[in-house]
Amino acid sequence: MDSQKEALQRIISTLANKNDEIQNFIDTLNQTLKGVQENSSNILSELDEEFDSLYSILDEVKESMINSIKQEQARKSQELQSQLSQCNNALENSEELLEFATRSLDIKEPEEFSKSDNGFSFSPFFETKVPKAPEIDPVECLVADNSVTVAWRMPEEDNKIDHFILEYRKTNFDGLPRVKDERCWEIIDNIKGTEYTLSGLKFDSKYMNFRVRACNKAVAGEYSDPVTLETKALNFSLDNSSSHLNLRVEDTCVEWDPTGGKGQDSKIKGKENKGRSGTPSPKRTSIGSRPPAVRGSRDRFTGESYTVLGDTAIESGQHYWEVKAQKDCKSYSVGVAYKTLGKFDQLGKTNTSWCIHVNNWLQNTFSAKHNNKVKALDVTVPERIGVFCDFDGGQLSFYDANSKQLLYSFKTKFTQPVLPGFMVWCGGLSLNTGMQVPSAVRTLQKSENGMTGSASSLNNITQ
């Protein structure tokens, strides 16, 4: 009996041990299953990020290709339209000549051969000559206010000239046009006079080439010797790499984005989780774009600065650009700053920045700011603000871009290169660059003898 009990006890003990082993194995399986589920979720999340990034890259490439195709379509359409117009004119002239020639064949008497029924002489149509090349006179050409007036003359009088064709293209090279210049000639046809004005241009290159040729009813003459005119102006875009994360920046436009940076934060956390759960994905660089900056990095404005600077420094000379705010923009500033402006600094609240500030939130105010000093401006906020910076003369002036009324001027001494600066909150700004200093602004600057006494508290500060 005792031996049976001992055998049964051994069996019970063995079963208990097996039961513990099975329970431990079940726990291990549960942990493995949980790990598989977590890893699967992480992998799915990583795949979503990967595909989102790929879609973003493809969208950028698609948009770039669409823009290129549209630009090429517009250029080729313009060229073909010009060629079509010239061919139509040539066809009309050819048909007219053919008609006169056919009528002349029906004339029997030699003395009547050179005259039509109404006494008109046919001989000029058989004596048509190719017009000589016009001569562009650089002294008579004028470049001002983002317009170019081109003037020319014929080397000798030609009363058979019907019209002129002017061609131009932008270039960054001085002197004669280059064969390998990347830009095509733009065409202005059917000009009746001996001068023409191109207006509303953006001077995004240092020079422009011009050539002209004369046309009579039958043929077009040779091109004139090309002339190169200087069209230099300040061109800059907004520096997206250092802008506040709550600003959405694209070329010359900036817009307030209250959700800015949140997407990047989630991506950063995702990267951290990758290191814990599995092998990280390979690094990628977006096509044609800069890698995103991490929130709070020293290169980005942060806090309540909501600032973005231009990407081109001003180190000398006189320059001009214009800014237009969205109608519902709550608050914005326009001015210049040194590169040393801190990432927490606001425009006008330091001795390294100058601006005018518009506030449309709670109460409407318009003021000039520098070194944390404020001067209220008793003028209407214009639709567009013109900014004039005379680096060598130490002057920063703001104008109504439409009327050229002076809004305010800072008189200082710039000791470092300055960058165009912008602050925006709840709204957006768009810039117009590639502009010459308008003639009206130059005239006002020459006649201006400093600011009034009421503004001296800001103007007398020198840096």
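The values are calculated or read from the model by the stated rules, or taken from the named source; none is laboratory data. Because the structure is predicted, anything quoted here is derived from the model rather than measured. Virtual Cβ from ideal backbone geometry, glycine too; neighbours counted across all protein chains shown. The protein model used for the area step is the full one, side chains on, heavy atoms only, and it has no ligands, DNA or RNA in it. Shrake-Rupley method; radii C 1.70, N 1.55, O 1.52, S 1.80 Å.
Of all residues being assigned to a strand (DSSP E or B) and touching a Lys or Arg at 6+ places or on another chain (Cβ under 8 Å) in segment 169-208, which is nearest to A220 (Cα to Cα)? Just the residue, please. Steps first, answer last, please.
Taking segment 169-208 and keeping what is assigned to a strand (DSSP E or B), we get 169-171, 186-191, 195-198, 207-208.
Of the ones still in play, those that are also touching a Lys or Arg at 6+ places or on another chain (Cβ under 8 Å) are 169-171, 186, 207-208.
Details: R169: 20, K170: 24, T171: 26, E186: 17, Y207: 27, M208: 23 Å.
Looking at the filtered set, the residue picked out is E186.
Please verify whether segment 214-221 includes one or more residues that are over 27 Å from the mean Cα position of the chain (by Cα) and among the β-branched types (V, I, T). Before the answer, list the steps.
Start the filter on segment 214-221 by keeping residues that are over 27 Å from the mean Cα position of the chain (by Cα), which leaves 214-221.
After this cut, where a residue has to be among the β-branched types (V, I, T) as well, the list is 219.
Checked against the condition, which is being over 27 Å from the mean Cα position of the chain (by Cα) and among the β-branched types (V, I, T), segment 214-221 yields at least one hit.
Here's the yes/no breakdown for (1) among the hydroxyl-bearing types (S, T, Y); (2) open to solvent by 40 Å² or more (accessible area, probe 1.4 Å); (3) at pLDDT below 70:
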position	(1), (2), (3)
N88	no, yes, no
N93	no, no, yes
F113	no, yes, yes
P155	no, yes, no
F164	no, no, no
(message) Against the definition (closer than 15 Å to Q416 by Cα and within 28 Å of the chain's Cα centre (by Cα)), how does L347 come out, yes or no?
(response) no
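Of these, V254, V249, which one is crowded, with 16+ Cβ neighbours inside 10 Å, at pLDDT 50 or above and in contact with a helix residue (DSSP H, G or I) (Cβ under 7 Å, 6 or more places away or on another chain)? I'd like the intermediate steps shown before the answer.
Numbers: V254 fails: in contact with a helix residue (DSSP H, G or I) (Cβ under 7 Å, 6 or more places away or on another chain).
Selected residue: V249, the only one of V254, V249 that is crowded, with 16+ Cβ neighbours inside 10 Å, at pLDDT 50 or above and in contact with a helix residue (DSSP H, G or I) (Cβ under 7 Å, 6 or more places away or on another chain).
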(request) Filter segment 206-233 down to residues that are open to solvent by less than 20 Å² (accessible area, probe 1.4 Å), of a type outside the set (A, V, I, L, M) and within 16 Å of C141 (Cα to Cα), then give me how many there are. (result) 4
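Suppose the filter is under 30 Å from T197 (Cβ atoms), modelled with pLDDT of 80 or more, open to solvent by less than 90 Å² (accessible area, probe 1.4 Å) and aliphatic (A, V, I, L, M); does A133 pass it?
Working: under 30 Å from T197 (Cβ atoms): yes; modelled with pLDDT of 80 or more: yes; open to solvent by less than 90 Å² (accessible area, probe 1.4 Å): yes; aliphatic (A, V, I, L, M): yes.
It is true that A133 is under 30 Å from T197 (Cβ atoms), modelled with pLDDT of 80 or more, open to solvent by less than 90 Å² (accessible area, probe 1.4 Å) and aliphatic (A, V, I, L, M).
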(message) I'd like to verify a number: residues in segment 316-359 that are touching a Pro at 6+ places or on another chain (Cβ under 8 Å) and at pLDDT below 95, how many?
(response) 1
(request) Return only the number of the condition from (1) modelled with pLDDT of 95 or more; (2) touching a Cys at 6+ places or on another chain (Cβ under 7 Å) that T197 does not satisfy. (result) (2)
(message) Out of L234, L238, I need the residue that is at pLDDT 90 or above, of a type outside the set (D, E) and under 15 Å from R300 (Cβ atoms). Which one?
(response) L238
(message) For segment 350-407, give me the residue count where each residue is touching a His at 6+ places or on another chain (Cβ under 9 Å), open to solvent by 50 Å² or more (accessible area, probe 1.4 Å) and part of a loop (DSSP other than H, G, I, E, B).
(response) 1
(message) surrounded by fewer than 16 Cβ atoms within 10 Å (Cβ to Cβ) and either over 24 Å from C253 (Cα atoms) or in contact (Cβ under 8 Å) with a residue 60 or more places away in the chain (or both): is that true of S316 in this structure?
(response) yes
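When you look at F236, is it under 30 Å from D257 (Cα atoms) and either touching a helix residue (DSSP H, G or I) at 6+ places or on another chain (Cβ under 7 Å) or open to solvent by less than 70 Å² (accessible area, probe 1.4 Å) (or both), yes or no?
Numbers: under 30 Å from D257 (Cα atoms): yes; either touching a helix residue (DSSP H, G or I) at 6+ places or on another chain (Cβ under 7 Å) or open to solvent by less than 70 Å² (accessible area, probe 1.4 Å) (or both): yes.
Yes, satisfied.
Quick check, is A313 modelled with pLDDT under 95, among the hydrophobic types (A, V, I, L, M, F, W, C) and over 19 Å from Y399 (Cα atoms)? Break it down stepwise before answering.
Values: modelled with pLDDT under 95: no; among the hydrophobic types (A, V, I, L, M, F, W, C): yes; over 19 Å from Y399 (Cα atoms): yes.
Considered against the rule, which asks whether it is modelled with pLDDT under 95, among the hydrophobic types (A, V, I, L, M, F, W, C) and over 19 Å from Y399 (Cα atoms), A313 comes out as no.
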(request) Could you check how many residues of segment 209-251 are within 20 Å of G193 (Cβ to Cβ) and in a strand (DSSP E or B)? (result) 9
(message) Tell me the residue from S199, S147 that is within 26 Å of V437 (Cβ to Cβ) and exposed (fewer than 12 other Cβ atoms within 10 Å of the Cβ), please.
(response) S199
